[in-house]
Amino acid sequence: MEFRISTLALALSLGLVLKAGVAGATEWQQYVIAQNGASVDIPVSVFGENAGLPDAAPGRHFYTSDHRADLTVQAIPNSENDTPAAFLAKRHPPPGIVYRRVTPGFFVVSSIRNGKIWYNRCNRSARYMNCILINYPASEKRQWDGIVTRMSYSLRP
């Protein structure tokens, strides 16, 4: 009986630490891509580890301190000025997308792969698609919903 109680207490405390680490007292800062002025609000208290430059596009890559989640902010060249729908089609998204929204100004695609939710939003601007790409544990979806929503809505242009 004592083992079960301590196991339950440990599980509950880990859950509280996780929830506090993702949702509690989150500190936000605006990140700006210098090359084109695109910006997004980033929870720096969550994505505190700078992981360097993304491949082949201006921006930055970030991790949570335990590397269970990552974020990429980037301005992907769109020299042909493709619409979001055409740009997305050229990227050949994987099959099985769970959520897809495409408008004349942006696209969002999201799904689950290897136990993680991946969420990509790209906003159209002159010569670029300004994007955020977030990967986080699917088991933590509810804790991440507010963070993903704020970041998505704050992405400019």
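Mind checking which pairs have a first residue in the range 120-145 that is basic (Lys, Arg) and a second that is open to solvent by 10 Å² or more (accessible area, probe 1.4 Å), Cβ under 7 Å, 6 or more apart or different chains?
121/106; 124/105; 124/106; 127/77; 127/79; 141/117
Every residue in the range 36-93 that is within 18 Å of residue 125 (Cα to Cα), in a loop (DSSP other than H, G, I, E, B) and hydroxyl-bearing (Ser, Thr, Tyr), please.
79, 83 - these are the residues of the range 36-93 that are within 18 Å of residue 125 (Cα to Cα), in a loop (DSSP other than H, G, I, E, B) and hydroxyl-bearing (Ser, Thr, Tyr).
Do you know which residues across the range 104-157 are open to solvent by 10 Å² or more (accessible area, probe 1.4 Å), under 19 Å from residue 29 (Cβ atoms) and touching a Cys at 6+ places or on another chain (Cβ under 7 Å)?
The one that is open to solvent by 10 Å² or more (accessible area, probe 1.4 Å), under 19 Å from residue 29 (Cβ atoms) and touching a Cys at 6+ places or on another chain (Cβ under 7 Å): 121.
Of the numbered conditions (1) at pLDDT 95 or above; (2) open to solvent by 90 Å² or more (accessible area, probe 1.4 Å), residue 1 fails exactly one; give the number of that condition.
All conditions pass for residue 1, except number (1).
Answer with yes or no whether residue 101 is among the charged types (D, E, K, R), modelled with pLDDT of 95 or more and open to solvent by 30 Å² or more (accessible area, probe 1.4 Å).
yes
The values are calculated or read from the model by the stated rules, or taken from the named source; none is laboratory data. Since the model is a prediction, treat every value here as computed from it, not as a measurement. All Cβ positions, even for glycine, are placed from backbone atoms using ideal geometry, and neighbour counts span all protein chains on display. When the accessible area is computed, the model is the full protein with side chains, heavy atoms only, and any ligands, DNA or RNA have been set aside. Shrake-Rupley method; radii C 1.70, N 1.55, O 1.52, S 1.80 Å.
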